Amino acid sequence: MRLLRALSAAAVAAGIAAGCSDSLGTGGDDPVISDLAGHWEASEAVFTNPANTSQSLDAVSNFGFVLTLDVTNNGRFEGTLKETTLSPTQDISGQITIDESSITITLDDDPHDPWRGSFDLRGDELTINATVGISFDFGSGEVSATLRLVMER
């Protein structure tokens, strides 16, 4: 479930920021919430163990992870998530807020544990780099991890 929450929140943040202009987040014009409206799909969700960077895994190519998001002009979102090729598709929803280069995502099913991260948008590709609140099981139990999430429109 932590993988699902981390991926969902990160992907939502990516999808929202992707509706903005060509260079937003870590170095462009400040977006407004209506700039984030649109339909987005995850192309990468790479988890890396910062204590052993050779431990890295892309959940999209290795697990069949699929995420689609539809974001409205007021920051509400709905989407679908399929964690692995064998898992059922799940509906997700929530609210996004932005402030310059930071995004806060609050999932409706977990309102007391919002996810926060930074983003960078270049054309139709958005990259999210997260280090806080992310964990992943590389085979010997959950450890803190970094997440690089790429969304495309």
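Using Cα-Cα distances under 8 Å and only pairs 6 or more residues apart, what relative contact order does segment 52-98 have, in percent?
Working: 67 pairs, mean separation 14.1, N = 47.
Averaging sequence separation for qualifying contacts and normalising by length gives 30 percent for segment 52-98.
In Å², what does the accessible area per residue of segment 47-102 work out to with a 1.4 Å probe? Can you show the working numbers first?
Numbers: 3020 Å² over 56 residues.
I get 54 Å² per residue for segment 47-102.
Of the accessible area of segment 43-110, with the probe set at 1.4 angstrom, what percent is carbon plus sulfur?
Working: 1630 of 3460 Å².
Carbon and sulfur atoms account for 47 percent of the accessible area of segment 43-110.
Using the Karplus equation 6.51 cos²θ - 1.76 cosθ + 1.60 (θ = phi - 60°), what ³J(HN,Hα) coupling, rounded to whole Hz, does each residue of segment 46-52 give in order, writing x for Gly and Pro?
Those phi angles translate into 9, 9, 10, 7, x, 7, 8 Hz.
The values are calculated or read from the model by the stated rules, or taken from the named source; none is laboratory data. Computed from a prediction, not measured in an experiment: that's the story for all the values here. Just so you know, the surface numbers come from the protein's heavy atoms only, side chains and all, with ligands and any DNA or RNA stripped out. Shrake-Rupley method; radii C 1.70, N 1.55, O 1.52, S 1.80 Å.
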